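Before any comments, here is the structure.
The values are calculated or read from the model by the stated rules, or taken from the named source; none is laboratory data. Keep in mind the model is a prediction, meaning the values are calculated, not measured. Here the Cβ positions follow ideal geometry from the backbone for every residue, glycine too, while neighbour counts run over all protein chains shown. What goes into the accessible areas is simple: the full protein's heavy atoms, side chains included, and nothing from ligands, DNA or RNA. Shrake-Rupley method; radii C 1.70, N 1.55, O 1.52, S 1.80 Å.
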Amino acid sequence: MLVTGSPSGPCSMAQAPVADMALSSSAPALSVGFVLLPRFTLLPFAAFVDCLRLAADEGDRSRQLHCRWRFMTHDGNAALSSCGAEITPCESFVDPGEFDYLVVIGGVLHDPGVADRAAIDYLRMAAAKGVTLVGVCTGVLSLIQAGVMQGRRCCISWYHHGDLASRFRDIEPVADRLYLDDGDRLTCAGGSAAADLAAYLVERHLGRAWARKSLAIMLYDGHRAGEHGQPQPVVFDRISDRLVRRAIRVLEQQLGEPLSVDQLASRVGSSRRALERRFRATLGVGPQRFQRDLRLRYGLWLLHYTERSITEIGEACGFADTAHFSRHVRTSFGASPSQLRRDPELVQERLVDPYFLYVGSIT
């Protein structure tokens, strides 16, 4: 049953179809247990489980044939999401050895409670049994707290990067990708990227056709690889012009492949002259200058938050070569890429400008 409402008083909506667990006598190709933490984020959970559902059966019949999944909370009661919706039925933690993967869906950060401590103990038991653990969104924090991420990198959303880095200094968080496969530990930034990670696992166990089928029905253009970059935040509150907002969205997705102003205007259904006029009226610069600044800001962010080489960063930001990238960085920020990487204070001074805002602080 899916229930929606406020945390203090949810109201029932509709009974969801219950998959027939007895339809297949053979073991499924993929078995997943979901650990739903208090106030978990609904989107990554729904994206992940729906990708499994669509790969589990022919068409959209939702029978758990090729994939099976179970929802678990520490006490077996309904799981309350951060938006107030509840997921039920859930069950108490079962033998983790029954699953190929245990997927921990985290949510709003808060002081650990009974549910969190029970989940951490459960994750430790699962790790001892050799079960592959998956941390989605802030679920990665539970893996860290369980002590099963020592010496490993973990993928986290750019939004939570600063918080994780300050709380767990012996862990290497990365926020320049959608998900990270480290063998028996997988971590995911959350949001819609959870569908990409689920499709990655479906392809591993059932084949590429099943993964493509799920994503196509979910209206995804295709499977994004784990190393696909996360979109960086832009301050939209100050941008009221819808055409400029649409153009910026396009530019965010083209950081590695710069567009000409004519190409950008065509993508958003405008003339070049009109687009340039509205950019200047809104931001004080033309679209070409804005795009270059966006790519340089992204490069600055990668220099600080990743271990990619300067050459790799320049390529990721769409510059022709390292010299081209370095020249523009020095002109814009007054220091070379290597100097900015060595001196965090230089980066701190340049993370915010009239167009962009990185949410969080550097620690």
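Apply the Karplus curve 6.51 cos²θ - 1.76 cosθ + 1.60, θ = phi - 60°, to the phi angles in the range 278-287 and return the couplings in whole Hz, x for Gly and Pro.
Computed from phi, the couplings for the range 278-287 are 6, 4, 5, 5, 8, 10, x, 9, x, x Hz.
May I ask you to compute the full-extension gain from ARG249 to ARG208, defined as 0.36 nm times their residue separation minus their alpha-carbon distance, rounded to one decimal in nm?
Here the answer is 11.8 nm.
For a Förster distance of 56 Å, can you work out the FRET efficiency between the beta-carbons of ASP343 and ASP184, rounded to the nearest 0.05?
0.90
Between GLU58 and HIS324, what is the spin-label point distance in nm, taking each point 7 Å from the Cα along the Cα→C-beta axis?
So the label points at GLU58 and HIS324 sit 5.2 nm apart.
Stretch ARG289-ARG277 to full length: gain in nm at 0.36 nm per residue minus the Cα-Cα span?
Details: separation 12, 0.36 × 12 = 4.32 nm, distance 1.31 nm.
This chain segment gains 3.0 nm when fully extended.
Let's test the formula: R0 of 35 Å, r as the Cβ-Cβ distance of GLU257 and PHE168. What FRET efficiency results, to the nearest 0.05?
For R0 = 35 Å, the calculated efficiency reads 0.50.
Tell me, in nm to one decimal, what length is gained between ALA225 and ASP95 on full extension, where the rule is 0.36 nm per residue of separation less the Cα-Cα distance?
Taking ALA225 through ASP95 to full extension adds about 43.7 nm, to one decimal.
Hey, if we sort TRP301, TRP210 by accessible area with the 1.4 Å probe, largest down, what's the order?
Numbers: TRP301 10, TRP210 60 Å².
Solvent-accessible surface, decreasing: TRP210, TRP301.
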